[in-house]
Amino acid sequence: MQSQASQMLLPKILLYASVLLLQCMASAASKPEESALFRWKNSLADANSLSSWSPAANSTCCAWTGITCNMAGHVIELSLPDATLKGQLDAFNFAAFPNLTKLNLNNNSLVGAIPSEISMLYSLTSIDLGKNYLNQSIPPQLAELPNLIYLCLHNNRLVGAIPYQLSNLHRIVHLNLGSNFLTNPDYSRMSPMRTLEFLSMSRNKLTGSFPRFISNCTNMVYLDLSHNAFYGTIPDKLADMTPNLKYLNLSENSFSGIIPRSLVYLKKLQELRLASNTLTGGIPEMLTAISGLRVLRLGNNLLTGSIPMSIGNLTNLQILGISLNDLTASIPSSIGNMKLLQAMHLSKNNLNGMIPPEISNMASLQVLFLQENQLKGKIPLEIGNLTALQKLDLRNNQLEGELPATISSLQNLSYIALGSNRLTGALPPDLGSKQPLVIIGFANNSFSGELPRGICRTFALGLLAANNNNFSGTLPSCIRNCSNLCAIRLAQNHFSGDIAQVLGVHPELTVLDFSENQWSGILPPTFCLFSSLQILDFSDNNLFGEFPNCWWDLKNLQYMDLSRNGFSGKLPITRKHTSLKSLHLANNLFSGGFPSALKKFGHLITLDLGGNKFYGIIPSWLDVTTSGISCCVRTFAVHPWDSQWCGDSTRIRSGAVQITGGPRRVARVLESVLPALDGAVVAASSSTSDEARGRRTGDMDGTMAPTASWTAHRSPENPLELLHETTEVAGKGGFSIERNGANHLTLHVRSNNGQVMALVTTLMTGIDLSCNFLFGDIPTAFSNLQGLLLLNLSRNHLSCGIPTDIGNLKFLESLDLSWNQLSGPIPSSISNLMFLSSLNLSNNHLSGKIPTGHQLQTFEDPSIYGHNADLCGFPLSIACSDDSRPAPKLNNKQKDIHWMPYWVVGGFIFGLWLCIGVLFFSDWCWTTICYHVDRMQSMVMRKIAASRAKPEI
């Protein structure tokens, strides 16, 4: 019995002994690896996620976070993605890990180089160092890893040539080098990579023709060469080289020629992305035979012809993008066969005809962008069948009729843009009642009636643009509760009501334009809470009361227009420096001395105080205040629209445009140019954290990353677009402004693929103090404002002479000093004003010879110098005594006729001053006169600007 018990215990003892022995061996084996890991942890600047990495007498590193060991206790995997590690790899002892098969440090903050000692990990099969900040070259020693199958280095800052030695990795299947700054490898020394299935070299600095080594990658399934500078034709034998391709992305390059018809032989192809090249010809009808195609992006090329009727054969297609080409004819009715389609981008072509009613069969459609074509007719009633639709953009077409009531049944609709069409009638009364509308654009149509009461019932509204219509009545009360409202533009309508009852508290509000309506009342104090406000326009309404003191505290406000209202009182003083760049208070009842608050406006570009009752001298500090033109004009070009969007594989076309006009005109023209960068998007796929860290992430065809005050409202719609409804959505990238002369700027716009378009702009900076009661002399320091394009000091009581250095205003286009008491000669330097197109010095006491030369010779109308009794010379009929042309002799009858106009003028002036004496005591009459005079001047200046500025995109 005892012998039998002993026999039963023996196996257990041996088992326990074996386990104990293995534990001892594992502990002994892991000690060098444990020490190496612990030393690397201590070298990191941030290793909070590695708190478990702590030596203990009774444990091994196999229990640490991210560590996997084999049965022998050796570390075989180190996997720490998204661990917020900060530091370098230099302190990592690669030699201590001969059994390591997997290294994953993706999405951390590692910097510096990839050490060449990484080649000592000869058991490695997988390396993932993507999404870090590694900024040296790729070590060619990586090619010494004989078992490597997976290598991912994308989204770093790696530089230098791609090592040709990587082609010696004979087992490599996955190679991702995208989103770096890598240059061409030595293609002549590259070996065939027959095992390679996945290759991404996108978003680098690669150039030349289509890489030849790819012809030997016969097992390739995924190929991405996008966002580089490749050129030439797409190989016609690509299908023979890579017959197994499922994904092909050559977008954002400079490939030319036609789309190879041989692509039809890529029977397994699911995604074809050729957008943003210079491809010509038509859309090959044979492409529609690739039945498994799910994504087709051909946008932003030079494709012509029509959309093939056979496109309806692509019944598995989910995304169709052919925007920004030169396609003509109508949209084929066969698109109704693509019932799985989720996004259709046909914008910016020359498509005509009607929107086919068969579109209603596309039950999965979420995005429909048809803007900027020549589409006619009515919006089909069947559009209400697109129950999955979220975004609808039909802007800039020739659509007419009423908005179908069926559109109210689209319960997922969050974005609707119908601007710049010929739509009429009232909006459906239940529009928005059951829809989470965030972006609404109805501008530049002929809609009438009131806005639907429930248009903002979900309180999700972020942007509303309904300017330039015939809307009337009051605004829906639900707008007061839309706390996420970013921009609202209702100009040029017939809205009315008490302004105090319109808006609530909107901390994100950036643009507020209620101009040219019939709003009335006093501005409420809640408006002072709009801390994000950048554009404020209440011009041409019936508002009254005093200027709110707190408005100077709106630190982001850059444009303010309260012109042509009934505001009164003195402008409040301020101790704070404001960011205001354009201030328009003309034709109100403001009074008092020249506003001292302007002394704090160090960034002012345009000042319009005309048609008020300001009095006193023009202070000498005004030139100091506005001297900021030279530095702040850079910001004006881009304010207040720093937000940029990514979009539908389109890029800006090279070109230049000269813009001349007032700030509002310049803003509008820039709005029509900047959006040419890119189309719209389907979904946001790049992470916010990546964007915040300056990363270049994701496929730009499907990303969007608004910034600044628009971050809370992601949308494919550029705020500029819906504010004025002009062109397509702006693209992601960046723009910088370079100063050329006083007001000539070069706006460098960078598109998704890094290509730059230089846009030359001329910003109008001006000062208008006309129609007030200012006296004294014109400050000589005005001559220092070399960026000035408009100066209007007319209808005041200014005396003394015109500053002798007025010729320093080299870019001045309009000068009006009429109806003052200026005396002395006209300075000869005025002939240096080479861009002068409007001049009025009449009704003063100027004397002497009118200067000649250059631009002055184009002014043949003598009235611009009229009623200056002692002036002589061209274009007046009065010759100067030293003129080479003798004055003609007059007989007695001619003398009588000659003096007759002066008696008439004298009587007219006497009557005029008598009327002015009466009107001085009538605020309404005085304001009316100044209003109409300023409106006439504005019309003239707009015509001059329009004749000199023809923007071309």
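The values are calculated or read from the model by the stated rules, or taken from the named source; none is laboratory data. Quantities reported herein were computed from a predicted structural model and do not represent experimental measurements. Cβ atoms come from the backbone with ideal geometry, glycine included; neighbour counts cover every protein chain shown. With ligands, DNA and RNA removed, areas are computed over all heavy atoms of the protein, side chains included. Shrake-Rupley method; radii C 1.70, N 1.55, O 1.52, S 1.80 Å.
Check Ser847: other-chain or 5+ apart residues with amide H under 5 Å from its amide H, H built from backbone geometry?
Close amide H contacts, sequence-distant or interchain: Gly824, Ile826.
What residues from the stretch 768-787 fall in the zone where the backbone N is under 11 Å from a label point 7 Å along the Cα-to-C-beta line of Ile617?
The answer is 775-780.
Using a Förster distance of 41 Å, how high is the FRET efficiency between Gln411 and Ser49, based on the Cβ-Cβ distance and rounded to 0.05? Intermediate results must be reported in sequence, preceding the final value.
Working: r = 43 Å, r/R0 = 1.05.
Using R0 = 41 Å, I get an efficiency of 0.40.
If you average the C-alpha positions of the stretch 180-196 and of the stretch 788-863 separately, how far apart do those two centres end up, in angstrom?
So the two Cα centres are separated by 69 Å.
What number comes out for the charge environment of Lys600, summing +1 per Lys or Arg and -1 per Asp or Glu over other residues with Cβ under 9 Å away?
+3
For the stretch 547-599, run through the trypsin sites (Lys or Arg not before Pro) and keep only the ones in DSSP coil with at most 11 other Cβ atoms within 10 Å of their Cβ.
Passing sites in the stretch 547-599 are Arg575, Lys576.
Can you check what the net charge comes to around Gln435, using other residues whose Cβ is under 14 Å from the Cβ of Gln435 (Lys, Arg +1; Asp, Glu -1)?
Surrounding charge for Gln435 is +3.
Over the heavy atoms of Tyr222, what accessible area does a 1.4 Å probe trace out, to the nearest 10 Å²?
60
For a test of understanding, tell me how many lysine pairs in the stretch 159-292 have Cα atoms under 18 Å apart, given they are 8 or more places apart or on different chains. Write out the running numbers ahead of the final one.
On the way: Lys237/Lys246; Lys237/Lys267; Lys237/Lys268; Lys246/Lys267; Lys246/Lys268.
Count of close lysine pairs: 5.
Please list the non-local residues whose amide H lies under 5 Å from the amide H of Gly353, H modeled 1.01 Å from N, same-chain partners needing a gap of 5 or more.
Amide H neighbours of Gly353, under 5 Å, 5+ apart: Lys376.
Can you list residues whose amide H is under 5 Å from Asp46's amide H, if they're 5+ apart or on another chain and H is modeled 1.01 Å from N?
Lys86
Return the sequence-ordered ³J(HN,Hα) values of the stretch 587-594 in whole Hz as given by the Karplus equation 6.51 cos²θ - 1.76 cosθ + 1.60 applied to θ = phi - 60°, using x for Gly and Pro.
For the stretch 587-594, the Karplus-derived couplings read 6, 10, 10, 4, 9, x, x, 4 Hz, x marking Gly and Pro.
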